[in-house]
Structure formats: C-alpha cells, structure tokens
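Student: Following this message is one structure expressed as structure tokens.
Bear in mind that the values in this text are calculations on the coordinates, not laboratory data. Computed from a predicted structure; not experimentally measured. Backbone-built Cβ (ideal geometry, glycine too); neighbour counts: all protein chains shown.
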Amino acid sequence: MGRHERLGQGRTQGHDRRGDGGHLWRGRAAGRLQREAIDEYIAAAEAEHGPVDSAEASGKAERIRADHAAHRGKSAPADAT
C-alpha cells in the first residue's frame with residue numbers, strides 16, 4: 001500500500017503514482033486557458049482601437065525588458081519571437 005492510499009488520497013482523488021496530483025495536466029490546461037484569454041483580450045483591443053502594429057509592439061516590449069533589466073542590474077534578454 002502506497003503512502004497516498006494510507007492517507008486516504010488514492011488515485012480516485014486525482015493523485016497519480018508520482019504523488020504530484022496531476023499538476024502537470026492542470027498546468028497545461030491553465031496555460032491553454034491563459035492563451036485563450038490573451039487572444040480574446042487582443043481581439044477586443046483590436047476591435048476597439050484598430051490592428052496592432054507588430055513592429056511597434058516589439059519595440060515597446062524591448063524597451064520594457066531593458067527598463068526592467070536595468071532595475072535588476074542585468075542585461076535585457078533577447079526577444080524569443
């Protein structure tokens with residue numbers, strides 16, 4: 001009998017054999033929901049203000065990264081896109 005079964009936390013309550021409780025699955029589901037929410041936010045903003053200029057958005061993101069890095073005393077990371 002495993003530790004979780006002794007504690008009454010068997011697989012029927014969402015725990016797997018590794019004992020992580022299926023957090024990996026919940027993380028993936030949460031990430032998918034977060035991406036969907038971001039997509040909805042962008043669509044609403046574009047409907048209200050017009051399409052986003054990707055060059056302008058990339059430049060603004062780089063300035064924000066550089067500012068945050070300067071406050072941390074590090075160099076800014078390269079843009080992943």
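Student: Is there a quick way to get the dipole size of region 23-72? I mean about its Cα centre, with the Cβ of Lys and Arg at +1 and of Asp and Glu at -1; what is the value in debye to the nearest 20?
Tutor: 500
Student: Need one number: nm distance between label points at Ala30 and Ser54, each 7 Å from Cα along Cα→Cβ, rounded to one decimal.
Tutor: Placing both labels 7 Å along Cα→Cβ, they lie 3.0 nm apart.
Student: Please give the peptides 39-49, 62-72 ranked by average Cβ packing (other Cβ atoms within 10 Å per residue), highest first, as a rough proxy for protection. Could you put the intermediate results ahead of the total?
Tutor: Values: 39-49: 9.9, 62-72: 11.6.
Descending mean neighbour count gives 62-72, 39-49.
Student: What is the P(r) of region 23-72, as percent of Cα-Cα pairs per 10 Å bin from 0?
Tutor: For region 23-72, the pair-distance distribution reads 22, 28, 35, 15.
Student: Turning to a different aspect of this structure: Taking the Cβ-Cβ separation of Ile42 and Arg63 as r and a Förster radius of 22 Å, what is the calculated FRET efficiency to the nearest 0.05?
Tutor: Numbers: r = 20 Å, r/R0 = 0.89.
Efficiency at R0 = 22 Å is approximately 0.65.
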